[in-house]
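S.K.: Could you have a look at this structure, given as structure tokens, before my questions?
The values are calculated or read from the model by the stated rules, or taken from the named source; none is laboratory data. This one's a predicted model, so the numbers in the text were calculated from it and none came from an experiment. Using ideal geometry, Cβ is built from the backbone for each residue, glycine included, and neighbour counts are taken over all protein chains shown.
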């Protein structure tokens, strides 16, 4: 994570004391374990798969994603005064919605139920951001696709900034997974997807999903590091490496938590425009579709 923070330029943010405090990020994934890195900052856990009450993650994906956003790194070493495996916004609060099973699979009904709960409880938990590091397969039915896209758009319209992963089906065009093809939500690709992934048998070079979509929408809009990201492990005792756009999305979600901490009055649309203006370098310079790579300090101290 220290490498990631250098890549997305957060030096000034941390020097100025920004850490995500009082900003709540919802994570819709496989759940979360009681890892020490989240101590006291998991506001609620809602299980739409098995209806359990206590924290659990029978896959590990959700815990890893949450750690990238808001783990405080207390189980890791300190380097230059910062815990090397701390998340991007180490004091942000978390609302965790389990909608995926132990295999990382889910059914649309549970996801829609989770989204409805999120909108109903937005004010109660002061939720500003929703991270969705999962995507619907292209084989899903048209009705399911439309329902999910309509639901994430409703979250956006409710004032919650939705951050989704572009999926790992690249490098061909039109490979962004649903709900990342939504015109409204922010879709995140991996800038380092050409690097070798440690121990992954499933990701090929150039794995990050690419647009444009069938409706000619440029996707993903923004890129972030997603390969070999070390974050909280399911065993609740340490850290583990994972790769994919599922890891790039929470890098952006965590950076947005810092940005909303500095600019609480901004709407999702306002923040999305700032992302567009502050990304580096421009997409064409990367020979990739999109705006470019997220630049944390440019975003937070954006001057129009």
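S.K.: Can you say whether residue 213 is touching a strand residue (DSSP E or B) at 6+ places or on another chain (Cβ under 8 Å) and without any contact (Cβ under 8 Å) to a residue 60 or more places away in the chain, as far as the supplied structure shows?
M.R.: Considered against the rule, which asks whether it is touching a strand residue (DSSP E or B) at 6+ places or on another chain (Cβ under 8 Å) and without any contact (Cβ under 8 Å) to a residue 60 or more places away in the chain, residue 213 comes out as no.
S.K.: Ok, one more. List every residue pair whose Cβ atoms lie under 8 Å apart, where the two residues are 6 or more positions apart in sequence or sit on different chains, the first residue falls within the stretch 245-258 and is at positive phi and without any contact (Cβ under 8 Å) to a residue 40 or more places away in the chain, and the second residue, located anywhere, is assigned to a helix (DSSP H, G or I) and crowded, with 24+ Cβ neighbours inside 10 Å.
M.R.: Listed by first residue and then by second, the contacts come to nothing, as the list is empty.
S.K.: Something else: Please find, within the stretch 158-194, the residue that is nearest to residue 273 (Cα to Cα) out of those that are in contact with a helix residue (DSSP H, G or I) (Cβ under 9 Å, 6 or more places away or on another chain) and surrounded by fewer than 20 Cβ atoms within 10 Å (Cβ to Cβ).
M.R.: Top of the filtered list is 184.
S.K.: Which of the residues that make up the stretch 174-199 are touching a residue at least 40 places away in the same chain (Cβ under 8 Å) and part of a strand (DSSP E or B)?
M.R.: Hits for the stretch 174-199 are 178, 186, 188, 189, 190.
S.K.: Kindly provide the set of residues from the stretch 1-35 that are farther than 30 Å from residue 280 by Cα and either modelled with pLDDT under 95 or out of contact with any helix residue (DSSP H, G or I) (no Cβ under 7 Å at 6 or more places or on another chain) (or both), ordered by number.
M.R.: Within the stretch 1-35, just 34 meets the criteria.
For (1) modelled with pLDDT under 95; (2) surrounded by fewer than 24 Cβ atoms within 10 Å (Cβ to Cβ), each residue gets a yes or a no:
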site	(1), (2)
251	no, no
255	no, no
267	no, yes
271	no, yes
279	yes, yes
282	yes, yes
287	yes, yes
291	yes, yes
295	no, yes
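S.K.: Return yes or no: is residue 299 buried (at least 20 other Cβ atoms within 10 Å of the Cβ), touching a strand residue (DSSP E or B) at 6+ places or on another chain (Cβ under 7 Å), modelled with pLDDT of 95 or more and within 25 Å of residue 15 (Cβ to Cβ)?
M.R.: no
S.K.: Let me ask you something else. What are the residues in the stretch 36-72 that are in a loop (DSSP other than H, G, I, E, B), over 20 Å from residue 110 (Cβ atoms) and in contact with a helix residue (DSSP H, G or I) (Cβ under 6 Å, 6 or more places away or on another chain), if any?
M.R.: Result: 71, 72.
S.K.: Shifting gears a bit: Could you look through the stretch 1-35, keep only residues that are touching a strand residue (DSSP E or B) at 6+ places or on another chain (Cβ under 7 Å) and part of a loop (DSSP other than H, G, I, E, B), and pick out the one that is surrounded by the most Cβ atoms within 10 Å (Cβ to Cβ)?
M.R.: Out of the qualifying residues, it is 30.
S.K.: I've got another one for you. Residues of the stretch 131-154 being modelled with pLDDT of 95 or more, touching a helix residue (DSSP H, G or I) at 6+ places or on another chain (Cβ under 6 Å) and buried (at least 24 other Cβ atoms within 10 Å of the Cβ), which ones?
M.R.: Once the filter is applied, which keeps residues that are modelled with pLDDT of 95 or more, touching a helix residue (DSSP H, G or I) at 6+ places or on another chain (Cβ under 6 Å) and buried (at least 24 other Cβ atoms within 10 Å of the Cβ), the stretch 131-154 yields only 131.
S.K.: Looking at the stretch 102-130, which of the residues that are at pLDDT 95 or above and part of a loop (DSSP other than H, G, I, E, B) is surrounded by the fewest Cβ atoms within 10 Å (Cβ to Cβ)?
M.R.: Only one residue tops the list, namely 126.
S.K.: Taking interchain pairs and intrachain pairs at least six residues apart, which have beta carbon atoms under 6 angstrom, with the first residue in the stretch 1-13 and more than 11 Å from residue 88 (Cβ to Cβ) and the second buried (at least 24 other Cβ atoms within 10 Å of the Cβ) and modelled with pLDDT of 90 or more?
M.R.: 7/225; 9/296
S.K.: With the condition kept exactly as written, say whether any residue in the stretch 121-130 is free of Cβ contacts under 8 Å to residues at least 40 places away in the same chain and farther than 23 Å from residue 41 by Cβ.
M.R.: Taking every residue of the stretch 121-130 in turn, none turns out to be free of Cβ contacts under 8 Å to residues at least 40 places away in the same chain and farther than 23 Å from residue 41 by Cβ.
S.K.: So which residues in the stretch 73-95 are in contact with a strand residue (DSSP E or B) (Cβ under 6 Å, 6 or more places away or on another chain) and either surrounded by fewer than 19 Cβ atoms within 10 Å (Cβ to Cβ) or assigned to a loop (DSSP other than H, G, I, E, B) (or both), if there are any at all?
M.R.: If the condition is that a residue be in contact with a strand residue (DSSP E or B) (Cβ under 6 Å, 6 or more places away or on another chain) and either surrounded by fewer than 19 Cβ atoms within 10 Å (Cβ to Cβ) or assigned to a loop (DSSP other than H, G, I, E, B) (or both), then 73, 76, 85, 92 are the ones that fit.
S.K.: While we're looking at this one, here's another question. For the stretch 190-244, enumerate the residues that are closer than 17 Å to residue 86 by Cα and at pLDDT below 90.
M.R.: Correct list: 236, 237.
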